[in-house]
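For reference, the structure is listed below as structure tokens.
The values are calculated or read from the model by the stated rules, or taken from the named source; none is laboratory data. In this text the structure is predicted, and so the values were computed from the model without any measurement. Backbone-built Cβ (ideal geometry, glycine too); neighbour counts: all protein chains shown.
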Amino acid sequence: MKSLQGKKVAILTETGFEEVELTSPKQALEEAGAEVHIISPQKETVKAWDHDHWSIELKVDKNIDEAKVDDYDALMLPGGVLNPDKLRTNANAVSFVKDFVESGKPVAAICHGPQTLIETGLLQGRTLTSYPSIKTDLENAGSDWVDREVVVDNGLVTSRSPKDLPAFNKKMIEEIHEGMHIPAPMH
């Protein structure tokens with residue numbers, strides 16, 4: 001496995017993330033040697049959703065208002081239905097994600113996580129995947145949606161659902177190991 005020693009990764013989330021879509025990538029990143037921060041509009045903790053019920057709470061390392069793209073080597077966006085729906089209406093969260101995409105640093109998003117990417121206006125011509133229910137939203141944002149377990153487009157890593165986590169985690173770590181990608185041209 002690729003080493004991420006010395007790398008810092010931001011996981012941006014709201015309350016209502018799908019538990020395994022945050023805990024599995026976070027564990028994989030930490031096992032690869034990365035320092036991982038949970039960033040959120042919430043001040044203290046974020047609460048997970050597990051299939052059909054509320055579950056664990058995780059400590060927030062940094063509030064979105066204080067987070068800076070320059071402090072991180074990569075960004076990970078977990079899914080869950082509630083989480084991206086809240087994030088995409090938060091101007092600071094959208095700005096943080098947009099700055100990441102423009103920076104050329106790796107961005108990984110799973111399941112409903114790509115919904116927040118839509119708000120950046122930077123998906124024109126990008127190839128990605130997601131949970132099938134947001135396929136039309138992503139296509140309407142100008143992206144080329146494909147049904148594969150993991151898709152990589154110039155540092156943007158996306159997957160469909162928790163069953164894709166092994167492939168997602170592996171590709172995410174590879175992309176973070178590679179580092180900066182040339183930002184996609186503006187359309």
Subject >> Filter result for Gly79 (part of a loop (DSSP other than H, G, I, E, B), within 15 Å of Val20 (Cβ to Cβ) and out of contact with any Lys or Arg (no Cβ under 7 Å at 6 or more places or on another chain)) >> reply: yes
Original post:
Out of the stretch 161-187, which residues are in a loop (DSSP other than H, G, I, E, B), of a type in the set (A, V, I, L, M) and within 15 Å of Val9 (Cβ to Cβ)?
Top reply: Met180
**OP:** Could you list all residues from the stretch 123-136 that are buried (at least 17 other Cβ atoms within 10 Å of the Cβ) and closer than 20 Å to Lys98 by Cβ?
**Re:** Leu123, Arg126, Leu128, Ser130, Ile134
**OP:** Please enumerate the residues belonging to the stretch 27-69 that are free of Cβ contacts under 8 Å to residues at least 24 places away in the same chain, in contact with a strand residue (DSSP E or B) (Cβ under 7 Å, 6 or more places away or on another chain) and not in a strand (DSSP E or B).
**Re:** Glu30, Lys43, Val60
**OP:** May I ask you to list the residues in the stretch 80-99 that are more than 17 Å from Gln42 (Cβ to Cβ) and touching a helix residue (DSSP H, G or I) at 6+ places or on another chain (Cβ under 7 Å)?
**Re:** Asp99
**OP:** Just one of (1) out of contact with any Lys or Arg (no Cβ under 9 Å at 6 or more places or on another chain); (2) modelled with pLDDT of 95 or more; (3) part of a loop (DSSP other than H, G, I, E, B) trips up Asp147, so point out which.
**Re:** (1)
Original post:
Across the stretch 29-66, what is the total count of residues that are within 14 Å of the chain's Cα centre (by Cα), surrounded by 20 or more Cβ atoms within 10 Å (Cβ to Cβ) and within 23 Å of His177 (Cα to Cα)?
Top reply: 4
Original post:
Looking only at the stretch 140-171, which residues are hydrophobic (A, V, I, L, M, F, W, C) and touching a strand residue (DSSP E or B) at 6+ places or on another chain (Cβ under 9 Å)?
Top reply: Trp145, Val146, Val150, Val151, Val152, Leu156, Val157, Leu165, Ala167, Phe168
Original post:
Since Met172 meets every condition but one in (1) over 21 Å from Pro25 (Cβ atoms); (2) surrounded by 17 or more Cβ atoms within 10 Å (Cβ to Cβ), which condition does it not meet?
Top reply: (1)
Subject >> Answer from Thr158, Thr120 - the residue that is buried (at least 17 other Cβ atoms within 10 Å of the Cβ), outside any strand (DSSP E or B) and of a type outside the set (Asp, Glu) >> reply: Thr120
Original post:
So, of the residues in the stretch 1-22 that are of a type in the set (A, V, I, L, M, F, W, C) and within 14 Å of the chain's Cα centre (by Cα), which turns out to be surrounded by the fewest Cβ atoms within 10 Å (Cβ to Cβ)?
Top reply: Val20
**OP:** Tell me, yes or no, whether the stretch 14-23 has at least one residue that is touching a residue at least 40 places away in the same chain (Cβ under 8 Å) and closer than 15 Å to Val97 by Cα.
**Re:** yes
